[in-house]
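Since the structure comes first, as structure tokens, the remarks are kept for the end.
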Amino acid sequence: MNNATAILSTDNLRMHFPVKGGVFQRAVAACKAVDGVNLTIMPGETLGLVGESGCGKSTLGKTIARLYEPTSGGIAFEGNELADLSRSQLKPFRREIQMIFQDPYESLNPRHTVGTIVEEPFVIHKMGTRAERQQWVADLLAKVGLPESAAGRYPFEFSGGQRQRIGIARALALKPRLLICDEPVSALDVSIQSQVLNLLMELQREMGLSYLFISHDLAVVKHISDRIAVMYLGRIVELAPAVEICNNPVHAYTKALISAIPVPDPTHVPDRVILEGDVPTPIDPPDGCRFAPRSGAEHSPEMLETLPPFKEISPGHWVEACPVCAPVRHAR
Amino acid sequence: MGEVEPKKLLEVRDLVTAFDTDAGQLTAVDGVSFAVRRGCTLGIVGESGCGKSVTAMSIMRLLPQPMGKILAGEVLFDGRNLATVPAEDMRSIRGNRISMIFQEPMTALNPVHRIGKQICEVLTQHNDLSPDDAWQQAVEMLDKVGIPSPEIRATEYPHQLSGGMRQRVVIAIALACGPELVIADEPTTALDVTIQAQILQLINNLQRNLGMSVMLITHDLGVIAETCDEVCVMYAGRVVERAPVKELFANPRHAYTQGLLSSIPRLNGTPKSELQTIDGMVPALSELKPGCRFAPRSGREHAPELLVERQTLKEISTDHWVEACPVCARG
């Protein structure tokens, strides 16, 4: 992977949370939500991140935005290392990386007007005069397709789709380079979902934004992404261009995930891999192939103990090469 | 013809359900008609607020009291009108002959009772069973819905189970008395896709083995395509289109159905292409018009009288019904 031109790259990024127990609430185990992730995002690119609940995809997004302090590993934004920076050192980078959240009902302060919410980033970063800021707010609202009068109203007066637009306007205020979108359309109805997806694609073309697009819905992710990373129990198991990963999935988990999606076509005969059981807990997971217990295939003890290598099997198509879950013939 | 049509087990005719609110009486379901045939699955699809859950609650007579009321229409179940049967009789039907699977398996289960006990409760309510026999049957039900080591699981509490397992327990409770009709309200919406696949397969298998009828409420057209025989599309409290599943997907006639089908991103679609959208949003219950309710979002010019006069459902081909607004349902 070419890290030189990437807008963002992570290097073996880890985010572990202590699990406390016992009388003295000591750390008794570690919840390895993100456990050794290497990703790059190029300028103007959308990297999709899919996985089931509890796989660590939201934690990864928040760690990249430095809402968490990573346990170890690196986060390089345009060559600047963010992982060890203090709050004040981070401030200039906060403008460059912004987030859009899933729940448009909970991510907007109900006591503030929309104008105040969208203006707040400018106030925090001490930008512009009051009049200038109001003009910027009006421009932003227009950009996301809301009427100018919205500035004087409160979030509860808007529907879910419109609230998500307010969230997008706030995220765009400081002209960021990278947007981390954490399930931005999951709470929306299908007809509204397509409106918001179109808006995100249009803004990307206009402003040259990069997106890390996190979702559990592979059809949505495939539609908006250039490349897709599939996450399972804190690790990326497969990474490839969007069309490639859907047409030629290699890892058993990716295959199961794709086959589980109900196709809106009654003449389609599903060729379904039904996975047994649930996603196991990320508390002290095995070091080796983490998909082994659900794969239904026999793994040798050493496969459960040693981390499978992340291999490029065709240009841009990477897979965690467990010999059982992802038999790779032409490894390079 | 010649084919023997499966008999209708449930027939809903012109159901009108309203709620008393501070803003006056709001009609959530406004003249809805459909039927569930024996052994078949009817899907009800629509966006939030279209009245699909209220329709289910009306059939089960579980409307929040005293605000919710069935104002008109009939709910014919095996010949009886459930809209008017006494509450006492309804209690012996609910959970016994018609049961329900809810969306949120955590809130549908009682957190302070053991799983086995919660299944026993339904069994003993409707059957004359000794506690031991009921427990035995509860364990068998857990086994039937694919819960490993059911004897141990029966003694556990809901919080000890994962989301998928809890939904299996909810299904076990719904099926405990061998109902003829199961109403599943978004049964897989809270679950991950791989778990959703497990649960849908389970419902399908149980339906085939037990010969029950299913009414499946969902917003996911993929789930509809995979599990249903017939589909009702609801919009703003009304059925706008009703057809056998293959017919509906191949030949959608109402502008809303067409919009819904073309606005979903598909796995085999062109990446980064612009998606079709339906402009605007679902109207609030307080601003509904008597005429074509999809008119403001259809992007098509409607004559004023179309907004004032209610259009009837018309059968345009065998079993394919569409709300005959001449603008939204033109061929």
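Miscellaneous remarks
- Check on B:Leu216, in contact with a helix residue (DSSP H, G or I) (Cβ under 8 Å, 6 or more places away or on another chain) and under 18 Å from B:Glu47 (Cα atoms): yes
- Taking the criterion of being within 14 Å of chain B (Cβ to nearest Cβ) and at negative phi, the residues of the stretch A:284-324 that qualify are A:Phe291, A:Pro293, A:Arg294, A:Ser295.
- Residue within the stretch A:193-203 that is closer than 24 Å to A:Ile245 by Cα, within 11 Å of chain B (Cβ to nearest Cβ), part of a loop (DSSP other than H, G, I, E, B) and touching a residue at least 24 places away in the same chain (Cβ under 8 Å) present: no
- The residues in the stretch B:251-307 that are among the aromatic types (Phe, Trp, Tyr) and either at pLDDT below 90 or assigned to a helix (DSSP H, G or I) (or both) can be counted, and the count is 1.
- Index of the failed condition, B:Gln276 passing every other in (1) facing chain A (nearest Cβ under 10 Å); (2) in contact (Cβ under 8 Å) with a residue 12 or more places away in the chain; (3) within 22 Å of the chain's Cα centre (by Cα): (3)
- Restricting the stretch A:281-293 to residues that are farther than 17 Å from A:Val50 by Cα and touching a helix residue (DSSP H, G or I) at 6+ places or on another chain (Cβ under 8 Å) leaves a set whose member that is surrounded by the fewest Cβ atoms within 10 Å (Cβ to Cβ) is A:Asp287.
Residue by residue, here is whether (1) of a type in the set (A, V, I, L, M, F, W, C); (2) part of a helix (DSSP H, G or I); (3) farther than 20 Å from A:Gln164 by Cα holds:
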{"position": "A:Glu69", "(1), (2), (3)": "no, no, yes"}
{"position": "A:Asp84", "(1), (2), (3)": "no, no, yes"}
{"position": "A:Ser88", "(1), (2), (3)": "no, yes, yes"}
{"position": "A:Gln98", "(1), (2), (3)": "no, no, no"}
{"position": "A:Asp103", "(1), (2), (3)": "no, no, no"}
{"position": "A:Glu106", "(1), (2), (3)": "no, no, no"}
{"position": "A:Arg111", "(1), (2), (3)": "no, no, no"}
{"position": "A:Ile117", "(1), (2), (3)": "yes, yes, no"}
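- Pairs are defined by a Cβ separation below 7 Å, a sequence spacing of at least 6 or placement on different chains, a first member in the stretch B:219-237 that is aromatic (Phe, Trp, Tyr), and a second member that is not in a helix (DSSP H, G or I); the pairs so defined are B:Tyr235/B:Gly46; B:Tyr235/B:Cys50; B:Tyr235/B:Arg293; B:Tyr235/B:Phe294.
- Qualifying positions in the stretch B:252-273 - farther than 18 Å from A:Asp217 by Cα, within 8 Å of another protein chain (Cβ to nearest Cβ) and either charged (D, E, K, R) or surrounded by fewer than 18 Cβ atoms within 10 Å (Cβ to Cβ) (or both): none
- Within the stretch B:102-116, tally of residues that are surrounded by fewer than 16 Cβ atoms within 10 Å (Cβ to Cβ) and farther than 26 Å from B:Ala56 by Cα: 2
- Looking across the stretch A:153-176, the residues that are charged (D, E, K, R) and buried (at least 20 other Cβ atoms within 10 Å of the Cβ) come down to A:Arg163, A:Arg165, A:Arg170.
- Residue that is farthest from A:Glu244 (Cα to Cα) [pool: residues in the stretch A:254-271 that are of a type in the set (D, E, K, R) and surrounded by 14 or more Cβ atoms within 10 Å (Cβ to Cβ)]: A:Asp265
- Within the span defined as the stretch B:290-305, one or more residues are buried (at least 22 other Cβ atoms within 10 Å of the Cβ) and aromatic (Phe, Trp, Tyr).
- Any hit, the stretch A:68-85, residues being surrounded by 14 or more Cβ atoms within 10 Å (Cβ to Cβ), out of contact with any Asp or Glu (no Cβ under 6 Å at 6 or more places or on another chain) and within 21 Å of A:Ala187 (Cα to Cα): no
- The set of residues in the stretch B:60-92 that are β-branched (Val, Ile, Thr) and under 18 Å from the mean Cα position of the chain (by Cα) comprises B:Ile70, B:Val75.
- Among (1) in a loop (DSSP other than H, G, I, E, B); (2) in contact with a helix residue (DSSP H, G or I) (Cβ under 7 Å, 6 or more places away or on another chain); (3) within 14 Å of chain B (Cβ to nearest Cβ) - the single one A:Ser186 does not satisfy: (2)
- Beta carbons closer than 8 Å, at least 6 apart along the sequence or on distinct chains, pair a first residue in the stretch B:5-28 that is surrounded by fewer than 16 Cβ atoms within 10 Å (Cβ to Cβ) and part of a strand (DSSP E or B) with a second that is of a type in the set (Lys, Arg) and at pLDDT 90 or above for B:Asp20/B:Lys69.
- The stretch A:260-271, subset within 10 Å of another protein chain (Cβ to nearest Cβ) and in contact with a Ser or Thr (Cβ under 9 Å, 6 or more places away or on another chain), residue nearest to A:Cys322 (Cα to Cα): A:Ala260
- Members of the stretch A:204-257 found to be within 30 Å of A:Asp139 (Cα to Cα) and away from chain B (no Cβ under 12 Å), listed by number: A:Glu206, A:Met207, A:Gly208, A:Leu209, A:Ser210, A:Leu212, A:Ile214
- Scan the stretch A:32-53 for residues that are touching a Ser or Thr at 6+ places or on another chain (Cβ under 8 Å), away from chain B (no Cβ under 14 Å) and assigned to a strand (DSSP E or B) and the total you get is 8.
- Within the stretch B:172-214, the set of residues being surrounded by fewer than 21 Cβ atoms within 10 Å (Cβ to Cβ), farther than 15 Å from B:Ile224 by Cβ and within 14 Å of chain A (Cβ to nearest Cβ) comprises B:Ala190, B:Gln201, B:Leu202, B:Asn205.
- A:Ile274 surrounded by fewer than 21 Cβ atoms within 10 Å (Cβ to Cβ), within 13 Å of another protein chain (Cβ to nearest Cβ) and either of a type in the set (Val, Ile, Thr) or within 27 Å of A:Arg14 (Cβ to Cβ) (or both): yes
- Within the stretch A:264-278, being at pLDDT 90 or above and touching a Gly at 6+ places or on another chain (Cβ under 9 Å) holds for A:Pro264, A:Asp265.
- Among the residues of the stretch A:219-233, just one is among the small types (Gly, Ala, Ser) and either modelled with pLDDT under 95 or assigned to a helix (DSSP H, G or I) (or both), namely A:Ala219.
- Count of residues meeting criterion [in contact with a helix residue (DSSP H, G or I) (Cβ under 6 Å, 6 or more places away or on another chain), within 14 Å of A:Ile228 (Cα to Cα) and assigned to a helix (DSSP H, G or I)] in the stretch A:246-276: 1
The values are calculated or read from the model by the stated rules, or taken from the named source; none is laboratory data. Since the structure is predicted, the reported quantities are computational estimates derived from the model, not experimental observations. All Cβ positions, glycine included, derive from the backbone under ideal geometry; neighbour counts span all protein chains shown.
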